[in-house]
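Peer 1: Please see the structure below; I have some questions.
The values are calculated or read from the model by the stated rules, or taken from the named source; none is laboratory data. What you are looking at is a predicted structure, and each value in this text was computed from that prediction instead of being measured. Don't worry about glycine lacking a Cβ; one is built from the backbone with ideal geometry, like all the others, and counts go over all protein chains shown. Remember, those area values only see protein heavy atoms, side chains included, never the ligands or the DNA or RNA. Shrake-Rupley method; radii C 1.70, N 1.55, O 1.52, S 1.80 Å.
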Amino acid sequence: MKVSYNELQGLCRKAFQAMGFEDGDASDAADMVAWMQLYELGGLAALGRGLDFLLADQGERPPELVYSDGDLAVLDSHGASVLKSSTLALELGFAKARARGLAVIKIRHCHNRQLIMGYLARLAGRGMNVTAFWRNAQAPDGEALTAGAEQAAATPLIEQVVGFRAGSSVPEIRVYAVHEVPEENEPNDGVTLIMANHVDLLPSLRSEYQLDLLARHQESDLLACRERAMQQGIEVDDGLWAQLKALATRLLVESTEASRSGAGAGTHDND
């Protein structure tokens, strides 16, 4: 089925609220999913794969700043989704890059990393060059690969680079498999972000290792996707749409019940 951007964003916001997100975080998360879907980057598919995790994740532990200096910051998300834990890291990186010219931010122990792309688009819109890097050392668990890369999910090491030019609404994306895995390789469930005021940081593959390019999305291709979606509507999966509607309905029912329970006069009516 096809829906409008506003319909998708509105339903996702209500669903995130039902999952326990604060209102502002729910709106941000909904924007991220809708942004990816608008550019045919599989935002809903990524959300669908991580939905069980989000529903089970009721922890309220905020991201922890592990280390910070003028150019570098490391934060621990304690296993939370980037939809809940990345705003602080990105704003911190933006401030450091503005002050110092370039900054590196590492977000450790986070889930649903694919969904960080919409947040990066916001920073690019504020005039920042930004590139994100992450890797999957095995078949992804709760992580989404961009379209065209699913068939290589069993590849030992898959890396993804997403780069935004300052002022651009769309990124350059590369997803590739590394066949000669370094002996020093370690699991990496984080995201590394590089931000720069004046230097483009777009991905370009150069390596002595054998690489297989699994997916490549260029700015012009993504702009064409957006134009098509705006004219024809955004394609959504019927089953996932029904799931999100059920979550949004649960929020409505809970709100209605809470409203009714507080609607009557109290034990003391002095009006």
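Peer 1: With the checklist (1) open to solvent by 10 Å² or more (accessible area, probe 1.4 Å); (2) farther than 18 Å from Leu54 by Cβ; (3) in contact with a Gly (Cβ under 6 Å, 6 or more places away or on another chain) in hand, flag the one item His109 doesn't pass.
Peer 2: Single failed check for His109: (2).
Peer 1: If you don't mind, there's one more thing I want to ask. So which residues in the stretch 126-142 are modelled with pLDDT of 90 or more, open to solvent by less than 60 Å² (accessible area, probe 1.4 Å) and more than 15 Å from the chain's Cα centre (by Cα), if there are any at all?
Peer 2: Gly127, Met128, Asn129
Peer 1: Continuing with this model, one more query. Among Ala215, Ala224, Ala196, which is small (Gly, Ala, Ser), surrounded by 12 or more Cβ atoms within 10 Å (Cβ to Cβ), free of Cβ contacts under 8 Å to residues at least 12 places away in the same chain and out of contact with any Pro (no Cβ under 9 Å at 6 or more places or on another chain)?
Peer 2: Going through Ala215, Ala224, Ala196 in turn, just one is small (Gly, Ala, Ser), surrounded by 12 or more Cβ atoms within 10 Å (Cβ to Cβ), free of Cβ contacts under 8 Å to residues at least 12 places away in the same chain and out of contact with any Pro (no Cβ under 9 Å at 6 or more places or on another chain): Ala224.
Peer 1: For residues in the stretch 155-177 being among the β-branched types (Val, Ile, Thr) and open to solvent by less than 10 Å² (accessible area, probe 1.4 Å), which is farthest from the chain's Cα centre (by Cα)?
Peer 2: Residue satisfying both the conditions and the ranking: Ile158.
Peer 1: Scan the stretch 227-250 for residues that are open to solvent by less than 30 Å² (accessible area, probe 1.4 Å) and assigned to a helix (DSSP H, G or I) and jot them down. First the steps, then the outcome.
Peer 2: Applying the first criterion (open to solvent by less than 30 Å² (accessible area, probe 1.4 Å)) to the stretch 227-250 yields 229, 233-234, 236, 240, 244, 247-248.
Within the stretch 227-250, Ala229, Leu240, Leu244, Leu247, Ala248 meet the criteria.
Peer 1: Assuming Phe53 fulfils every condition listed in (1) modelled with pLDDT under 95; (2) in contact with a helix residue (DSSP H, G or I) (Cβ under 7 Å, 6 or more places away or on another chain); (3) among the aromatic types (Phe, Trp, Tyr) apart from one, which condition is it?
Peer 2: (2)
Peer 1: Could you please find all residues in the stretch 145-187 being modelled with pLDDT of 85 or more and not hydrophobic (A, V, I, L, M, F, W, C)?
Peer 2: Glu159, Gln160, Gly163, Arg165, Gly167, Ser168, Ser169, Pro171, Glu172, Arg174, Tyr176
Peer 1: I'm told Gly127 meets every condition in (1) outside any loop (DSSP other than H, G, I, E, B); (2) in contact (Cβ under 8 Å) with a residue 12 or more places away in the chain except one. Can you identify the failing condition by its number?
Peer 2: (1)
Peer 1: State which residue pairs qualify: first residue farther than 18 Å from Ser204 by Cα and part of a strand (DSSP E or B) and inside the stretch 151-171, second residue open to solvent by less than 10 Å² (accessible area, probe 1.4 Å) and modelled with pLDDT under 95 in any location, beta carbons under 8 Å apart, and separation of 6 or more residues or different chains.
Peer 2: Cβ pairs passing all conditions: none.
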